[in-house]
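Engineer: Quick one: this structure, given as structure tokens, is what I'll be asking you about.
The values are calculated or read from the model by the stated rules, or taken from the named source; none is laboratory data. For clarity, every value in this text was computed on a predicted model and none was experimentally measured. All Cβ positions, even for glycine, are placed from backbone atoms using ideal geometry, and neighbour counts span all protein chains on display. Protein only, heavy atoms only, side chains kept; ligands, DNA and RNA dropped before computing areas. Shrake-Rupley method; radii C 1.70, N 1.55, O 1.52, S 1.80 Å.
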Amino acid sequence: MQRGYGTGSLEAVRQTDGTTLYLARWRDASGSRRQRFVGSERRTAERSLATIIADRDAELMGLKPQASVDVRFDDLSAKYLADLATRTKPSQVRSVTRYLRDLSAYFRNPRLLDVRKERVLDYRRYLAAEGNSNATINLKVGALRALCRFGVRMDLLPRNPVEGLPPLPGGKAHERRPRRALTESELARVLDAAEAIDEERRARCAAEATIEKGTKGPGYAARRRTLHVPQTPLIRALAYTGARYGEMVQTTWSDWDRRTRKLTFRAETTKSKKARRVPLLDAVEADLSMLCALHAEGYGRAPLPSERIFLSPGGYGLESARENVLRFFYEALARAGVVRNDPVQGAATIHSLRHTFASMLARANAGLTQAQALLGHSTPELTAARYTHHDEADLRAAVQKIGVPASKRAVGDG
């Protein structure tokens, strides 16, 4: 090794905003003078400079440096997301992209080794103050942990700066907005309201009111108009199959077996990565037949086996149009007089339809393992713990089944 390269030096540089950054100066393996800001904390800066010197010395000895200490958040994020896209679903990539973008904005695209656990704790407190649940906070911070682990695996980071930071406690006790199941009467009212909304939208697309008035003449009435794809079939299918939203909107016509009257949720679309087949009620089968005929009218041909069953009102896929479906569902809730956010019972969301299905199975005395198979859970305990809701009528009926023995006094033996 050549002599005179030294161990470098640090200088505290005061910034215009009052903060202090540490400037590292050293000679690289070619003997050139280098300098770089390496952090706002003295200990962090010392570690960064020590790693720089160790890598330089390794290079002088003909060894490959262990990892870069100058990896920026956004640069590593781009590599990580590109790799993630090859291993998981597009919806997962979109979620992680959103989490990482928020993290980068909060930390201001830092060097990864400058992200300290104390700052991550500050970020968690910030998210909690914004109203995020513990589960949501764990997801967002988990994206940072996964990013750093990827950097270590790829030899881009010497260590994971947030390794060992425990997640926030989870479970129902820590939910900000626990979901609730709809009662069967609420579900019936919501479906009636949804059908009314669909009928209004269909009539508007067909310009029925304007045509009936006759103010625009026969040429206007004869125009070809865009078909309206109803959204009630999606709501009904979610409620009577217990499927997750992402599973249902990715079903294709090849997944519907008319002979066995079952709908298959393919392994690549399910959370458990296991396929499952769910029997369909008559009302859901009727919806699918209606949608098939409507799609054929819109396409001018029979729908292909690979094409989606459920589409937006304009005929587009629903994987990235969740907000449109939510607006439709929340409008149906409002018209049906169903409270969307009840402080006692919980929140009624699109996922509540899955809870509703599980609760209806329980009322029908379906076995726990049957419910587990239909819902696609890994264990029956998960089904029992998370998806069986009982309203006041259920509980009262259960109590009234208890037999009370008559006392001696009551039968005249006093």
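Engineer: Quick test for you: out of 371, 384, pick the one residue that is closer than 18 Å to residue 243 by Cβ, in contact with a helix residue (DSSP H, G or I) (Cβ under 8 Å, 6 or more places away or on another chain), aliphatic (A, V, I, L, M) and at pLDDT below 90. First the steps, then the outcome.
Structural biologist: Values: 384 fails: closer than 18 Å to residue 243 by Cβ.
That would be 371, the only listed residue that is closer than 18 Å to residue 243 by Cβ, in contact with a helix residue (DSSP H, G or I) (Cβ under 8 Å, 6 or more places away or on another chain), aliphatic (A, V, I, L, M) and at pLDDT below 90.
Engineer: Output the helices (runs of 4 or more DSSP H) that fall wholly within the stretch 215-260 and possess 1 or more residues being open to solvent by 50 Å² or more (accessible area, probe 1.4 Å), or say none. Steps first, please.
Structural biologist: Working: elements: 217-221, 232-241, 245-249.
So the answer is 217-221, 232-241.
Engineer: Here is a follow-up. For the stretch 309-348, name all the residues that are of a type in the set (Lys, Arg) and at pLDDT 95 or above.
Structural biologist: Here is the first cut: in the stretch 309-348, the ones of a type in the set (Lys, Arg) are 322, 327, 335, 340.
Scanning the stretch 309-348 gives a single hit, 335.
Engineer: Which numbered condition in (1) within 16 Å of residue 198 (Cβ to Cβ); (2) surrounded by fewer than 19 Cβ atoms within 10 Å (Cβ to Cβ) is the only one that residue 304 fails?
Structural biologist: The one condition residue 304 does not meet is (1).
Engineer: OK, next. Cβ-Cβ distance below 7 Å, separation of 6 or more or different chains: which pairs start in the stretch 38-62 with a residue that is farther than 17 Å from residue 110 by Cβ and end on one that is of a type in the set (Asp, Glu) and outside any helix (DSSP H, G or I)?
Structural biologist: Close Cβ pairs (under 7 Å, with a partner that is of a type in the set (Asp, Glu) and outside any helix (DSSP H, G or I)) amount to 56/28.
Engineer: Same structure again: Output the residues belonging to the stretch 132-142 that are more than 13 Å from the chain's Cα centre (by Cα) and not β-branched (Val, Ile, Thr).
Structural biologist: Start the filter on the stretch 132-142 by keeping residues that are more than 13 Å from the chain's Cα centre (by Cα), which leaves 132-134, 141-142.
Listed by number, the residues that qualify are 132, 133, 134, 142.
Engineer: Now for a different question. Identify all residues within the stretch 118-171 that are touching a His at 6+ places or on another chain (Cβ under 8 Å) and surrounded by 19 or more Cβ atoms within 10 Å (Cβ to Cβ); write none if there are none. Talk me through it step by step, then tell me what you get.
Structural biologist: Of the residues in the stretch 118-171, the ones touching a His at 6+ places or on another chain (Cβ under 8 Å) are 133-135, 168.
Passing the criteria: only 134.
Engineer: Going through the stretch 10-59 one residue at a time, which ones are among the polar types (S, T, N, Q) and either surrounded by 14 or more Cβ atoms within 10 Å (Cβ to Cβ) or touching a helix residue (DSSP H, G or I) at 6+ places or on another chain (Cβ under 8 Å) (or both)? Spell out how you get there, then give the answer.
Structural biologist: Of the residues in the stretch 10-59, the ones among the polar types (S, T, N, Q) are 15-16, 19-20, 30, 32, 35, 40, 44, 48, 51.
Answer for the stretch 10-59, where residues must be among the polar types (S, T, N, Q) and either surrounded by 14 or more Cβ atoms within 10 Å (Cβ to Cβ) or touching a helix residue (DSSP H, G or I) at 6+ places or on another chain (Cβ under 8 Å) (or both): 40, 44, 48, 51.
Engineer: If I ask for residues that are open to solvent by 60 Å² or more (accessible area, probe 1.4 Å) and either at pLDDT below 90 or within 18 Å of residue 344 (Cβ to Cβ) (or both), which ones from the stretch 186-204 would you list?
Structural biologist: Once the filter is applied, which keeps residues that are open to solvent by 60 Å² or more (accessible area, probe 1.4 Å) and either at pLDDT below 90 or within 18 Å of residue 344 (Cβ to Cβ) (or both), the stretch 186-204 yields only 204.
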